[in-house]
Amino acid sequence: MFVQVSEADFSQQTLYDQLLAQCDKPAGAIVTFTGLVRDFNAQGPIDGLELEHYPGMTENALLQLVEQAVSRFSLANAAAVHRIGRLANHDQIVWVGCAATHRHHAFEGACFIMDTLKQAVPLWKKEYQHGAAQWVEPKASDDQAAMAWLKKIQ
Amino acid sequence: MITVKTFAQVRELSGCGQLQVPFEAGLDVASLILRLQQQSPAWHDALEGTVLCAVNQTLCDSSALLNENDEVAFFPPVTGG
């Protein structure tokens, strides 16, 4: 399991190789997700964004989610990477990888990490638009997606 | 002492990213918020509405009791991913 929080861009191939190399049982399926910076919001085109985070807690919170995913879905390995700082439109911003014996668990693990990340990891986006910057409001649909995973536990 | 950290809108509204607050026995998050809000209109506005709190980097609610040397962070709902 590994997490990274960094201003630097990442290579999907390098992360995939690391995920596979560190599997604790032979994997039959690997699901990876990559998020990119969208070039628009509800008000129109944007000019990139800036990500603030809580150094230390961000890494710990990501690691907790990765650990939960491994134990909950019996994954062979899982990892999460998030970028911070100033990002341009279309830049890679987040990467999640899950390895499992069967694809179903790998898909579920990746979904779980992404949905819960949007509620439990201290990261905040500020979008640049028309020369001004504005904090992104949390989406109700993101809250509901994270809550759905919590309900499944009970 | 308690170390208070703020992020995103809470940092901008309060105009302060980090400060030290004297610890006293029985202090909980709710009374820390009250104490900060009495400090200035900026702090009052910064801690109004939906603000999340983490004590020693773990999300907590306002009834959480604080200890000497705790790190308490206030921030808005998160928007990563």
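The values are calculated or read from the model by the stated rules, or taken from the named source; none is laboratory data. Remember, it's a predicted structure, so these values are computed and weren't measured experimentally. Backbone-built Cβ (ideal geometry, glycine too); neighbour counts: all protein chains shown.
If I filter the stretch A:109-122 for residues that are modelled with pLDDT of 95 or more and farther than 24 Å from A:VAL31 by Cα, do I get at least one hit?
First, the residues of the stretch A:109-122 that are modelled with pLDDT of 95 or more: A:109-117, A:121-122.
Checking the rest, the ones that are also farther than 24 Å from A:VAL31 by Cα come to A:122.
Yes.
Which of (1) closer than 18 Å to A:GLU137 by Cβ; (2) in contact with a helix residue (DSSP H, G or I) (Cβ under 6 Å, 6 or more places away or on another chain); (3) within 13 Å of chain A (Cβ to nearest Cβ) does B:GLN57 not meet, given it meets every other one?
(1)
Please go through the stretch A:42-84 and give me each residue that is over 17 Å from A:VAL94 (Cα atoms), buried (at least 20 other Cβ atoms within 10 Å of the Cβ) and of a type outside the set (A, V, I, L, M, F, W, C), ordered by number.
Within the stretch A:42-84, just A:ASN77 meets the criteria.
Scanning the stretch B:12-30 for residues that are closer than 21 Å to A:TYR54 by Cα and touching a strand residue (DSSP E or B) at 6+ places or on another chain (Cβ under 8 Å), which turns out surrounded by the most Cβ atoms within 10 Å (Cβ to Cβ)?
B:SER14
Determine the pairs where a residue that is more than 12 Å from A:THR32 (Cα to Cα), located within the stretch A:91-106, has a partner that is modelled with pLDDT of 95 or more and of a type in the set (Val, Ile, Thr) with Cβ atoms under 7 Å apart, the partner being 6 or more residues away or on another chain.
The qualifying pairs are A:ASP91/A:VAL37; A:GLN92/A:THR34; A:ILE93/A:VAL37.
Would you tally the residues in the stretch A:100-142 being within 13 Å of chain B (Cβ to nearest Cβ), assigned to a helix (DSSP H, G or I) and farther than 19 Å from B:PHE74 by Cα?
From the stretch A:100-142, those within 13 Å of chain B (Cβ to nearest Cβ) are A:110-127, A:133-142; that's our starting set.
Narrowing the set further to residues that are assigned to a helix (DSSP H, G or I) leaves A:110-120, A:140-142.
Now restrict to residues that are farther than 19 Å from B:PHE74 by Cα: A:110-116, A:140-142.
The total comes to 10.
Would you pick out the residues in the stretch B:41-74 that are touching a strand residue (DSSP E or B) at 6+ places or on another chain (Cβ under 8 Å) and either among the β-branched types (Val, Ile, Thr) or closer than 13 Å to B:CYS16 by Cβ (or both)?
Of everything in the stretch B:41-74, those that are touching a strand residue (DSSP E or B) at 6+ places or on another chain (Cβ under 8 Å) and either among the β-branched types (Val, Ile, Thr) or closer than 13 Å to B:CYS16 by Cβ (or both) turn out to be B:ALA46, B:LEU47, B:VAL51, B:VAL55, B:VAL72, B:ALA73, B:PHE74.
Going through B:ILE2, B:ILE33 one at a time, which residue ends up being buried (at least 18 other Cβ atoms within 10 Å of the Cβ), away from chain A (no Cβ under 13 Å) and more than 27 Å from A:VAL136 (Cα to Cα)?
Working: B:ILE33 fails: more than 27 Å from A:VAL136 (Cα to Cα).
None of the other options fit; the residue is B:ILE2.
If you take the residues of the stretch A:1-41 that are surrounded by 15 or more Cβ atoms within 10 Å (Cβ to Cβ) and of a type in the set (Phe, Trp, Tyr), which of them is farthest from A:TRP135 (Cα to Cα)?
Filtering first and then ranking leaves A:TYR16.
Does A:LYS126 satisfy the criteria of being crowded, with 16+ Cβ neighbours inside 10 Å, of a type outside the set (S, T, N, Q) and in contact with a strand residue (DSSP E or B) (Cβ under 8 Å, 6 or more places away or on another chain)?
yes
Name the residues in the stretch A:23-78 that are assigned to a helix (DSSP H, G or I), of a type in the set (Val, Ile, Thr) and within 14 Å of chain B (Cβ to nearest Cβ), would you? Spell out how you get there, then give the answer.
From the stretch A:23-78, those assigned to a helix (DSSP H, G or I) are A:57-72; that's our starting set.
From the residues that got through so far, the ones that are of a type in the set (Val, Ile, Thr) too are A:58, A:66, A:70.
A:THR58 - this is the single residue of the stretch A:23-78 that is assigned to a helix (DSSP H, G or I), of a type in the set (Val, Ile, Thr) and within 14 Å of chain B (Cβ to nearest Cβ).
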